[in-house]
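The values are calculated or read from the model by the stated rules, or taken from the named source; none is laboratory data. Just so you know, these numbers come straight off a predicted model, no measurement behind them. Note that each Cβ is placed from the backbone with ideal geometry, even for glycine, and that neighbours are counted across all protein chains shown.
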């Protein structure tokens, strides 16, 4: 009989600034941010759950955790729940996610291998999970459930909907303790305004970013990121939910970078719309 511990955590970006947590960012926050973009690795094949880097695995969730896992659903979230059925327990006690919420799960064990997707999904044998266990008895499998807009159509390109999606991803990717640690570091090195540290924009009275603060940011960012894990994700909110994969890829990249994650491992599943994603990423990084 398997033994161990699984933890479920509801993560929240408060709409009001309580000076304890990072609050729900507005459009100015994102427009003024100077956080460096993290590394972006494009994988045209492979599966999110097969990554071996210890990254956080993104569950392309329904706002009701698990979606159709106990009914006829058989896409990304439901498949994840089938191969790691301990996830199903969360469906019993976790209410629907609000726009400023995500669910973080640590410790589930994987029991099954599979092939296919949706109607072609098939069990293909037992899976022996060899992930290490932490001091709490949890397997070092970290999953974050974030729900994208459903059938967004053209509205997904409007500012308020883009803001909703990027903040949803930020909520899932953000580790508040590390973020606060970095804010403290900024303040200790000359960024005296709490609001400036919170926005991470580091804007001077002239509307420019000071060279001194930028040097502090670049030098110390990498020290903090070493304590972080990356993000393993893919075409979140696309497929059945109908989102634009190009937009969703960039949104997740910005959110992971703002959350001080060291990298994104992006599994495109060979989607034609993303066949040039790696070239786009390299071009963007070359402009820094």
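Within the stretch 231-252, being in contact with a helix residue (DSSP H, G or I) (Cβ under 8 Å, 6 or more places away or on another chain), surrounded by fewer than 22 Cβ atoms within 10 Å (Cβ to Cβ) and part of a helix (DSSP H, G or I) holds for 239, 245, 246, 247. Quick one: residue 217 ticks every box in (1) modelled with pLDDT under 95; (2) in contact with a helix residue (DSSP H, G or I) (Cβ under 7 Å, 6 or more places away or on another chain); (3) buried (at least 20 other Cβ atoms within 10 Å of the Cβ) bar one, so which box is it? Single failed check for residue 217: (2).
Being assigned to a helix (DSSP H, G or I) and more than 16 Å from residue 232 (Cβ to Cβ), is that true of even one residue in the stretch 43-64? There is no residue in the stretch 43-64 that is assigned to a helix (DSSP H, G or I) and more than 16 Å from residue 232 (Cβ to Cβ).
Going by the structure shown, is residue 88 modelled with pLDDT of 95 or more and in contact with a helix residue (DSSP H, G or I) (Cβ under 8 Å, 6 or more places away or on another chain)? Yes, satisfied.
Residue by residue, here is whether (1) buried (at least 18 other Cβ atoms within 10 Å of the Cβ); (2) in contact with a helix residue (DSSP H, G or I) (Cβ under 7 Å, 6 or more places away or on another chain); (3) at pLDDT below 95; (4) farther than 28 Å from residue 166 by Cβ holds:
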{"site": "28", "(1), (2), (3), (4)": "no, no, no, no"}
{"site": "45", "(1), (2), (3), (4)": "no, no, yes, no"}
{"site": "58", "(1), (2), (3), (4)": "yes, yes, no, no"}
{"site": "96", "(1), (2), (3), (4)": "no, no, no, no"}
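If I ask for residues that are more than 16 Å from the chain's Cα centre (by Cα) and closer than 21 Å to residue 171 by Cα, which ones from the stretch 36-58 would you list? Residue satisfying the conditions is 36 alone. Taken together, the residues in the stretch 65-86 that are without any contact (Cβ under 8 Å) to a residue 60 or more places away in the chain, outside any loop (DSSP other than H, G, I, E, B), under 26 Å from residue 135 (Cβ atoms) and touching a strand residue (DSSP E or B) at 6+ places or on another chain (Cβ under 8 Å) amount to 1. Report yes if residue 168 is outside any loop (DSSP other than H, G, I, E, B) and more than 20 Å from residue 241 (Cα to Cα), otherwise no. No. A Cβ distance below 7 Å, combined with a sequence gap of six or more or placement on separate chains, defines the contacts here; from the stretch 107-119, residues that are in a strand (DSSP E or B) reach residues that are modelled with pLDDT under 95 in the pairs 107/4. Condition test on residue 148, is it in contact (Cβ under 8 Å) with a residue 24 or more places away in the chain, touching a helix residue (DSSP H, G or I) at 6+ places or on another chain (Cβ under 9 Å) and either buried (at least 19 other Cβ atoms within 10 Å of the Cβ) or more than 20 Å from residue 61 (Cβ to Cβ) (or both)? Yes, satisfied.
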